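Reviewing the structure listed below.
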Amino acid sequence: MSDRKPFLGGNWKMNTNRTTGSDLARGVTDGLISVDGVEPALFPPFPYLLTVRAILRDRGSSIRLGAQDVYFQPDGAFTGEVSVAMLRDCGTQVVLVGHSERRHVLGEKDELINRKLRTVLESGLDAVLCVGETLDERTAGHQDIITARQVKTGLADIPASYLERLVIAYEPVWAIGTGKTATPQDAQDAHAQIRQLIERSYGKDSAQRLRIVYGGSLKPDIAPDIFAQPDVDGGLVGGASLNAADFVALAKAAAAAGRAKR
Ligand code: PGA
């Protein structure tokens, strides 16, 4: 039993251009027109936020507009960065924070991720906090410690009232973009562990309401088994979100899994 509405994010990363991104947004919007029971969100690159927003608006779509990152300062001399006010100005509703590529390619640390997360939630926007262990950490048997550290430090000084607008994405780094997926049981174990951590810090009610989604090489064929797990509330999708038919199929699978848990 779960009242949590599944979330499905399409993280386009540094892919698409104005033409292919527009086609993709139109394809996803049209494909999801009569699909309910899932909260889809698209995370295009910054330069295409307004283009995708216009497509969603024109079609009266309830798909949420997301940004892949943000900086925590409100304005100033931070060349190359983007503020939360700028994202709001472009119609962004939800922001990814702490994606594994930000952590491991761009070198972001837990403290920076926490400042970004606080900035997003304080501004009233929704956030997706991404956590997950690397292959070395998993091989050493440290996955629980790593995930726990990322969740705890990521959520430092974040009050319970903000959790309503937060999704946590468990994305084992070794599964991102590699074609390797966690087994449904591994995903369930990690999600249950995260929910327990939230329960210890914020209480049972908050933990039961929080959506925790899986990410890492999700594809329409394997996703239903993962989405069916009791503590998995949808997904964050990279590669497969670049194909409208795949993303639509994943959204339908997430909606069906959500219905089966009610
Ligand atoms: P992937 O990416 O689906 O391509 O593995 C997932 C993610 O990075 O969010």
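Beyond 11 Å, what share of the Cα-Cα pairs of segment 27-74 remains, rounded to the nearest whole percent?
69 percent
Who wins for biggest fluctuation among Leu197, Leu106, Leu32 in a Gaussian network model of the chain, springs between alpha carbons below 10 Å?
Its mean-square fluctuation being the largest, the pick is Leu106.
Under the √(5λ) rule applied to the eigenvalues of the Cα gyration tensor, what semi-axes describe the equivalent ellipsoid of segment 120-223? Give them in Å, descending.
Working through the eigenvalues yields semi-axes of 24, 15, 13 Å.
Once you charge only the Cβ atoms, +1 for Lys and Arg and -1 for Asp and Glu, what is the size of the charge dipole of the chain about its Cα centre, to the nearest 20 debye?
440 debye
Pick out, from Phe7, Leu32, Phe46, the residue whose Cα sits farthest towards the positive end of the charge dipole of segment 1-58, with +1 on the Cβ of Lys and Arg and -1 on the Cβ of Asp and Glu.
Positive-most Cα among the choices belongs to Phe46.
If you look at just the Cα atoms of segment 89-167, how large are its Rg and its Dmax in Å?
Just the Cα atoms of segment 89-167 yield Rg and Dmax of 13.2, 44 Å.
In whole angstrom, note down how far apart the Cα centers of segment 144-172 and segment 1-53 are.
The two parts, judged by their Cα centres, are 23 Å apart.
Of Pro74, Pro220, Val248, which is farthest along the charge dipole of the chain in the positive direction, counting Lys and Arg as +1 and Asp and Glu as -1 at C-beta?
Highest projection toward the positive end goes to Val248.
From zero outward in steps of 10 Å, how is the percent of C-alpha pairs of segment 43-174 spread across the bins?
For segment 43-174, the binned pair fractions read 12, 41, 32, 13, 2, 0 percent.
Taking only protein heavy atoms and a 1.4 Å probe, what accessible area per residue, in Å², does the chain have with all protein chains in place?
So the chain comes to 44 Å² accessible per residue, rounded to a whole number.
Kindly state, as a whole number, the per residue volume in cubic angstrom of the convex hull around the alpha carbon atoms of segment 7-261.
Once divided by residue count, the hull of segment 7-261 is 116 Å³.
State which entries of Lys109/Lys180; Lys5/Lys180; Lys180/Lys219; Lys109/Lys219; Lys180/Lys204 exceed 22 angstrom in Cα-Cα distance in the structure shown.
Lys109/Lys180; Lys5/Lys180; Lys109/Lys219; Lys180/Lys204
What residue among His191, Tyr170, Thr19 has its Cα farthest toward the positive end of the dipole of the chain, where the charges are +1 on Lys, Arg and -1 on Asp, Glu, each on the Cβ?
Thr19
Quick one: 3J(HN,Hα) in Hz for segment 246-251, Karplus 6.51/-1.76/1.60 with θ = phi - 60°, rounded, Gly and Pro as x.
Going residue by residue, I get 5, 5, 5, 4, 5, 5 Hz, with x marking Gly and Pro.
Hey, what did the chain get for relative contact order, percent, Cα under 8 Å, at least 6 apart?
Worked out over the chain, it gives 24 percent.
The values are calculated or read from the model by the stated rules, or taken from the named source; none is laboratory data. Predicted model only: the values in this text are computed from it and were never measured. Cβ sites come from the backbone with ideal geometry, for glycine too, and all protein chains shown count toward neighbours. The area values use the complete protein model at the heavy-atom level, side chains included, leaving out ligands, DNA and RNA. Shrake-Rupley method; radii C 1.70, N 1.55, O 1.52, S 1.80 Å.
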